[in-house]
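First the structure, in the form of structure tokens, and then the observations on it.
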Amino acid sequence: MDITKEAYDRKPLLIRQGALKLWGVPLASRSDFCRTRQLYSFNNFFAEACYDSTNGNLTCICSFTQSSRLDPYLDQLNLNEVDPFQSIQ
């Protein structure tokens, strides 16, 4: 699926979630006491889906292009294999 970050951000939450599940590349995940976060590569940006740890409900999806936002996941990522500018077909 080819979509810009801006167009993706305008879609409803559940549409964005479905797009990530269908076309996103899961890269890493992390958890704290209240949230579980799943990082995806999607088109030319990244997206982080956040789930409530108590009930598993999706609470938000944040998209970004800044590599500094990958810092919490660095221990799980091989950055040589992550190309945020490669379109995912």
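Relative to the globular-protein estimate of 2.2 N^0.38 Å, the Cα radius of gyration of the chain stands at 1.04.
Looking at the range 2-47, the chymotrypsin sites (Phe, Trp or Tyr not before Pro) that sit in a DSSP loop and have at most 16 other Cβ atoms within 10 Å of their own Cβ are 33.
Where the alpha-carbon atoms of the range 19-70 are placed on the principal axes, they occupy 32, 26, 15 Å, in descending order.
Restricted to Cα atoms, the range 1-48 shows a radius of gyration and a Dmax of 11.1, 35 angstrom.
Bear in mind that the values in this text are calculations on the coordinates, not laboratory data. Only a predicted model underlies this, so the values are computations on that prediction, with no experimental measurement involved. Note that each Cβ is placed from the backbone with ideal geometry, even for glycine, and that neighbours are counted across all protein chains shown.
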